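Each remark here refers to the structure printed beneath this line.
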Amino acid sequence: MRAPATAAPWSAARALASLAGVAAAVIGAGACSGTCKRGTPYVPFLEDASATDASDGAVVEIEAAVDAAKRPGFQLVHASLAPAGTTKWSLEGLSFDAPAGQAILAAVAHDLDGDGHNDVAAYVQPPGGGGGQLIFYRGKGDGKELAPGLVVGGGAGSEGLTLPAPCVARVDMTLVGPRTVALDVRPSCGEAAPAPRRYVLAAFAGLSPSVRFTAKISEPPPGWSIAIDTEAIDRDGDGVDDPTISLALEGGAVPFDTGERVVARLRYWDRPAGLSRDRTEPEVSFQQIAQHAGQLAARKSTAGGVASLVRRLRLLHAAVCAEGGGAWIEIGGERGVACNHSRGLEDAGAAEVKADLALGDALSAIAARERVGQGPVTRTGRTRAEVDRAIMSTFATVWTNVRELRAVPSTPSKGAPAWGALAFDKSGNLLVRTAIGVSQFGFPALEEQDSDVPSWSWEVALPGKDARLGAVVDACEAPYLAARVSGHDVPTGSQLLPLPILPTFEASRCAEGRSPLFPLTPIAWGAQGLFAIVAGQPVLVPADVVGAGGGRAFGLLPAPALKVDGAWVAGSPRSPAGSYVVVPTRFGVLRRDESTNTTTASLVRAKELEGLYLQLRECTVANDGKRVACVRDNKVVVLDANDGAAAATSASAAASAPPAVTGQENGVRM
């Protein structure tokens, strides 16, 4: 996010807190037991079955085949809301009574069973709250009378429509198919009741009115919302409505900007044995969003919107799919639907890399490359190879010789964010912080010299405050990483500041309520906060725990290729004059040149370190950019382009050089 805003943290106690249901009741339609318009083979209930992996083109082909017999969409009919306390009502000239002790909340009149007479479906509830039923009144005779009400559902379906006392339902009832009614039920439970749960209930065709589908949707984090739409049309010509439920992620909240509405579909076939899920969804939906991201990435004028779109896709996938470890939707008692590994997520990640390269944002491009293989995605060798070639062909390569020092660097941070143990001074000497002081080495001999340079602190303290960065963690109960700040100037002693970076959504996320630590490399404190690299991504960490509006401060994403401002700090990956910044990546040490109006980047490489660059840490760079020093295996290594080995190659020559992409990625051998 780039504009200031504040929001309260998302509480786990509120995570399952608002009740809504899509209850689709199919009234009186037969379930194709031999008298359908055309024969339909028996398909077993597949709700709990695993999704199929998507190979190239396969999902799109299946989608086209599935929609070959699709008929025009159904014109939705919204139900009427009854006045409070209504026990007897009339719609379309049809009068009906609520069951004893119940009040009518909403009703719709339509020929629901296909016999030519209007029927009525009504949602009723006791006036004092709790309970709740869907009642079907069948039209009879000359179409001006209704048969006594029949409770729709029974068993689990009836329980899905029932609210706990004292919750009062707020109902959005819609006819979404010729014989399908959907209810969106949101309970209002008052201050004394626990945070309510959102239920999504749907009922579809059967031999008699019945609830065919029941789901629960957890309350999204503050600022986000899930819009639910259902269309139920006969897609296979068997005379029975086949529902498609669309789940749309809308809104947004700090530390993220609002963005495009993204939609995942769950599509079902109604069969005699129950609903059978079309397992090409929601993957087809994800791939469509990824294709849109690819189109935006192809033009520099629109590439700036790709990162936000891809983040929203990842969050939508996590909200719907079981593989994300914390889905917001629950169907049949199972959290999330089986989506398997998503090609859509992989393609979207590749689009993000291309967009960042088009914008000249080298750091973000390589961070996006690392995310291509994270989480429940397909890991296609061709996609990764294309992305790697795009990166390698964009940046020139500077080849160096590697030299090693005998000094032992010291950074006793135990995983906390820290200023590194290495720094170049303005004269080009290399300073190494050790356990007993600072050692100084001169070039070209790299011999230790006498030094009176004082040691520098490794702690990353907020400017002018008794507060410091202690860690970057997964907020767990919210969809972002957060910087933990602690100290006497923090009102609560310790506080999490949201950062605009999504965690990796996978089944093991925050296992047992614990988060792993994420690396933060500080670069400089500037006007907008600490320019830092968090999990490979450039980010601005706030310099205070309180935001401009008095709420909690939060991090920002810097503009693409934004130059680092602020004073140089010993131990940062920045040259003393501020002209260069270096960051180790799998492709080499990325060197950003900020000495001109346009920020450029190149890769500093050494044949001895090919495939080992991710083992480098605490890197720093000299004023001329030709020497880079890093810590590896608790030793200091210097990549020296002044040593006769380095000649800057052209971008095209760099692309033909051996790519530094060996090693492991998320446990998968590359």
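The values are calculated or read from the model by the stated rules, or taken from the named source; none is laboratory data. Since we're looking at a predicted model, the values are computed, not measured. Note: ideal-geometry Cβ built from the backbone for every residue, glycine included; neighbour counts use all protein chains shown. For the accessible areas, the whole protein counts, side chains as well, though only heavy atoms, and no ligand, DNA or RNA atoms are used. Shrake-Rupley method; radii C 1.70, N 1.55, O 1.52, S 1.80 Å.
Screening the range 443-501 for residues that are of a type outside the set (A, V, I, L, M, F, W, C), touching a Ser or Thr at 6+ places or on another chain (Cβ under 8 Å) and under 26 Å from Arg314 (Cα atoms) and picking the one that is least open to solvent (accessible area, probe 1.4 Å) gives Asp474.
Mind listing just one residue for me: the one in the range 159-176 that is assigned to a loop (DSSP other than H, G, I, E, B) and out of contact with any Cys (no Cβ under 6 Å at 6 or more places or on another chain) and, of those, surrounded by the fewest Cβ atoms within 10 Å (Cβ to Cβ)?
Going residue by residue through the range 159-176, those that are assigned to a loop (DSSP other than H, G, I, E, B) are 162, 164-167.
Okay, now just the ones that are also out of contact with any Cys (no Cβ under 6 Å at 6 or more places or on another chain), so 162, 164-166.
On the way: Thr162: 18, Pro164: 16, Ala165: 13, Pro166: 15.
Filtering the range 159-176 for residues that are assigned to a loop (DSSP other than H, G, I, E, B) and out of contact with any Cys (no Cβ under 6 Å at 6 or more places or on another chain), the one surrounded by the fewest Cβ atoms within 10 Å (Cβ to Cβ) comes out as Ala165.
Cβ separations smaller than 9 Å between residues 6+ apart or across chains give the following pairs from the range 326-344 residues that are under 17 Å from Ile245 (Cβ atoms) to residues that are among the polar types (S, T, N, Q) and in a strand (DSSP E or B): Ile331/Thr214; Gly332/Thr214. Within this structure, Arg552 fails the test of being within 27 Å of the chain's Cα centre (by Cα), farther than 24 Å from Ser308 by Cβ and among the basic types (Lys, Arg).
Checking each residue in the range 111-137 for being within 41 Å of the chain's Cα centre (by Cα) and at positive phi picks out Gly129, Gly130, Gly131, Gly132.
Of the conditions (1) open to solvent by 60 Å² or more (accessible area, probe 1.4 Å); (2) of a type in the set (Gly, Ala, Ser); (3) modelled with pLDDT under 95, Ala511 satisfies every one except a single condition; which number is it? Only one criterion is unmet by Ala511, namely (1). Checked against (1) more than 36 Å from the chain's Cα centre (by Cα); (2) open to solvent by less than 70 Å² (accessible area, probe 1.4 Å); (3) touching a residue at least 12 places away in the same chain (Cβ under 8 Å), Lys426 meets all criteria but (2). Among residues of the range 112-125 being free of Cβ contacts under 8 Å to residues at least 60 places away in the same chain and open to solvent by 40 Å² or more (accessible area, probe 1.4 Å), the one that is nearest to Tyr137 (Cα to Cα) is Asn118. Taking the range 440-472 as the range and being in contact with a Pro (Cβ under 8 Å, 6 or more places away or on another chain) and farther than 30 Å from Val637 by Cβ as the test, no residue passes. Mind checking whether some residue in the range 255-268 is modelled with pLDDT under 90, part of a loop (DSSP other than H, G, I, E, B) and open to solvent by less than 30 Å² (accessible area, probe 1.4 Å)? Looking for residues that are modelled with pLDDT under 90, part of a loop (DSSP other than H, G, I, E, B) and open to solvent by less than 30 Å² (accessible area, probe 1.4 Å), one finds none in the range 255-268, hence no.
Would you point out the residue of the range 514-529, among those that are among the small types (Gly, Ala, Ser) and assigned to a strand (DSSP E or B), that is surrounded by the most Cβ atoms within 10 Å (Cβ to Cβ)? Checking each candidate, the answer is Gly529. Once the range 177-198 is narrowed to residues that are open to solvent by 40 Å² or more (accessible area, probe 1.4 Å) and under 16 Å from Ile217 (Cβ atoms), the residue that is modelled with the lowest pLDDT is Ala195. Taking the range 221-250 as the range and being surrounded by fewer than 20 Cβ atoms within 10 Å (Cβ to Cβ), on the phi < 0 side of the Ramachandran plot and under 18 Å from the mean Cα position of the chain (by Cα) as the test, the residues that pass are Pro222, Ser225, Ala227, Ser246, Ala248, Glu250.
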